[in-house]
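Derivation of every value follows stated rules applied to the coordinates shown; laboratory data play no part. Small disclaimer: the values here were computed from a predicted structure and weren't measured. Glycine also receives a Cβ, built like all others from the backbone with ideal geometry; neighbour counts cover every protein chain displayed.
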Amino acid sequence: MNAKITIVIPHYNGIDILRDCLESLYKNTFSGFETMLIDNGSTDGSQEFVRQNFKQVKLIENSENRGYAGACNQGLQMAESPYVLLLNNDTVMPENFLQEMTLAIESDQKIAMVQPKIISIQDKTMFDYSGGAGGEIDIFGYPYARGRIFDDVEKDDKQYDDMQTDVFWTSGCALLIRKSVVNEIGLLDEDFFAHQEEIDLNWRALLAGYKNVVTTKTYIYHYSGYTLRSVNAYKMYLNHRNNLIMMLKNYSTGRLAVLFPFRLALEMITVFADLLLWDRKRYGAVLKALGYILSHPLFILRKRRQVQKLRKIKDTEIVKNMYPGSIVLDHFIRKKTPLQCVNKYRTKSPVKT
C-alpha cells in the first residue's frame, strides 16, 4: 500500500529531541505514512541512533548541513505520496495529529498547505513563537502569527478556534503540503538557508490561486528556538534579509514601488532604535541584510521573474489576506495585541476546518 503522507524531518544533532518526536509520531492513529529523516551531517551519533531504534525510518545522510530548505527539498523531491508533511525534529504531537491534518487538507482541493495550532512545549498554556494558531503578515512584509507578534506571545485561551481558517502562511514547524502544488510552484528557496522560506512558499501558493489554512482541531508542541536561538545575530540577519528578498520576489511592480520605500524606512528606524534604546544586537544584522540586498540586484531580479511567471491572482486580492497597516507601529506604538491585530481584518466563522 502506498503511503498517503511522506513525513520529511530535517535534522542536525539532538538525539533527545529526535527521540521524543519519533516516539510521538508512531503513536498516531493514522498509519498511512512513511518517514524520511534528512540528516544534515550530525556529529552526535544521530544516524546510528535512528538505524538502531527506528528501523522504519528512511535515513538520508548528507555530508554537509544543507539547512532547513535544502533538507526539506530533498524530501519533497523524493516523495511520491500526494501529501508531504514538513516536520521539525523538535516537536511532539498528539495521537490525532496526522488524522486531523489530513482531513483539513482534503476538505478543499484549493488548499495548498495546512498547519495545526503550535503550542510551546516549555509552557503548554502558551502559543509557540513559531506559528501560533496560523501565520499572518502585514502589507510591509512583516510576518506575525495568531497568538504572537514579535516577542509578545499570548496564552492559548481558544481565542482563535472560531476564526476563519484561511491564513497567509503556515509554519514550517509542521506544514502539510499538497505535492501537486509543489510541482506547480516549485520548491523552497534554498538561498534562504533557514527562516521564512516557508512564508515565501505560501506566498507563491497564493499567487498561483491556492489558499493556506490552519486547523485548530489538533496541535503540536514545539521547542521554540532550539536549533537557533532568537537572540542569535545570524538568525536576525537571515530573518531580515530573507524577508526583504521575499517581498521583492512576490509583490507586483506597482505595489512594490509604493510599499518598499516605507519598508526600508522601517528598517532604518529599527537600526536607530536599536542603537539608542535597545541592546544593540539587531542593528548590525539589519545593516548587513540591507547590504546584501543592495549588492545582489540581478540575483534578486532573476528570482522575481521566476515567481511572477506563476501569478494568477492580482495583488488587489492578495492584500485582502494581509494586515492593512504596520504591525510594527500598531504593536510598539499603539500597543495592539496579536488578537486585536487579527480581529482587524479576519472574521469569526461557524465552520472550522
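Starting with the highest mean, order 87-100, 303-316, 192-205 by the number of other Cβ atoms within 10 Å, averaged over the residues of each peptide. Write down the numbers at each step before the final one.
Details: 87-100: 20.9, 303-316: 14.1, 192-205: 24.0.
Result, highest mean first: 192-205, 87-100, 303-316.
Per residue, what volume in Å³ does the Cα convex hull of segment 208-353 take up? Walk me through the numbers before you get to the answer.
Details: hull volume 23.1 nm³, N = 146.
Enclosed volume per residue, from the Cα hull, is 158 Å³.
Place a label point 7 angstrom from the Cα of ASP162 along the Cα-to-Cβ direction, then list the residues of segment 314-350 whose backbone nitrogen is under 15 Å away.
343, 347-350
Could you tell me which of rounded, prolate or oblate describes segment 14-83, using a ≥ b ≥ c as the square roots of the eigenvalues of the alpha-carbon gyration tensor, with rounded for a/c under 1.5 and, failing that, prolate when a/b is larger than b/c and oblate otherwise?
Working: a/c = 1.96, a/b = 1.10, b/c = 1.79.
It comes out oblate by the Cα gyration axes.
Quick check: net charge around LYS288, other residues with Cβ under 11 Å of its Cβ, Lys/Arg +1 and Asp/Glu -1?
Numbers: positive: ARG241, ARG282; negative: none.
That sum, taken over residues with Cβ under 11 Å, equals +2.
Kyte-Doolittle mean at least 1.0 and Cα extent at least 27 Å along the axis: which DSSP H helices of the chain qualify?
Answer set is 253-276.
Taking +1 at the Cβ of each Lys and Arg and -1 at the Cβ of each Asp and Glu, which of PHE49, GLY67, THR29 sits farthest along the dipole of segment 26-106 towards its positive end, judged by Cα position relative to the Cα centre?
Most positive-ward Cα: PHE49.
Looking at the chain only, what percent of DSSP beta bridges run antiparallel? Nearest 5 please. Numbers along the way, then the final one.
Numbers: 21 of 46 bridges.
If I count the DSSP bridges inside the chain, around 45 percent turn out antiparallel.
Can you show me the helix-derived [θ] at 222 nm for the chain, built from DSSP H runs with n ≥ 4 at -39,500 (n - 2.57) apiece and divided by the number of residues, rounded to the nearest 500.
Numbers: 13 runs with 141 residues, N = 353.
After summing the helix terms and dividing by the residues of the chain, the value is -12000 deg cm²/dmol.
Rank-order 113-123, 28-38 by packing density, defined as the average count of other C-beta atoms within 10 Å over each peptide's residues, highest first. Show your work: numbers first, answer last.
Working: 113-123: 23.5, 28-38: 17.8.
Peptide ranking by packing, descending: 113-123, 28-38.
Could you estimate the translational diffusion coefficient of segment 156-216 from the Stokes-Einstein equation, with Rh from the Kirkwood formula over C-alpha pairs, at 10 °C and 1.306 mPa s, in whole µm²/s?
126 µm²/s
Taking the dipole about the Cα centre of segment 5-222, with the C-beta of Lys and Arg at +1 and of Asp and Glu at -1, give me whichever of PRO82, LEU175, GLY131 is farthest to the positive side.
The Cα lying farthest towards the positive end belongs to PRO82.
According to the square roots a ≥ b ≥ c of the eigenvalues of the Cα gyration tensor, what is the shape class of segment 51-149, taking rounded for a/c under 1.5, prolate for a/b larger than b/c otherwise, and oblate for the remainder?
Values: a/c = 1.44, a/b = 1.40, b/c = 1.03.
It comes out rounded by the Cα gyration axes.
On a full-extension model of 0.36 nm per residue, what is the gain between GLU317 and VAL271, subtracting their alpha-carbon distance, rounded to one decimal in nm? List each step's numbers first, then the result.
Working: separation 46, 0.36 × 46 = 16.56 nm, distance 3.24 nm.
Stretched out fully, the GLU317 to VAL271 stretch lengthens by 13.3 nm.
If you average the alpha carbon positions of segment 120-137 and of segment 279-351, how far apart do those two centres end up, in angstrom?
Taking the Cα centre of each part, segment 120-137 and segment 279-351 sit 19 Å apart.
What size of dipole, in debye to the nearest 20, comes out for segment 5-222 about its Cα centre when the only charges are +1 on Lys and Arg C-beta atoms and -1 on Asp and Glu C-beta atoms? Working shown, then result.
Numbers: 18 positive and 34 negative charges, 120 e Å.
My answer is approximately 580 debye.
Quick check: net charge around GLY172, other residues with Cβ under 11 Å of its Cβ, Lys/Arg +1 and Asp/Glu -1? Each step should come with its number before you reach the end.
Working: positive: none; negative: GLU197, GLU198, ASP200.
Combined, the nearby Lys, Arg, Asp and Glu give -3.
Name all residues of segment 30-63 having a backbone nitrogen under 18 Å from the label point set 7 Å from the Cα of TYR234 along its Cα→Cβ direction, giving them as ranges.
39-44, 62-63, by backbone N distance to the label point.
Rounded to the nearest angstrom and ordered from largest down, what semi-axes does the equivalent ellipsoid of the chain get from its C-alpha gyration tensor (root of 5λ)?
Values: eigenvalues 181, 104, 89 Å².
Semi-axes (√(5λ), whole Å): 30, 23, 21.
Can you give the local net charge around THR253? Use residues other than it whose beta-carbon is closer than 10 angstrom to its beta-carbon, Lys and Arg +1, Asp and Glu -1. All intermediate terms of the calculation are to be shown ahead of the outcome.
Values: positive: ARG255, ARG304; negative: ASP315.
Taking every other residue near THR253 into account, the sum is +1.
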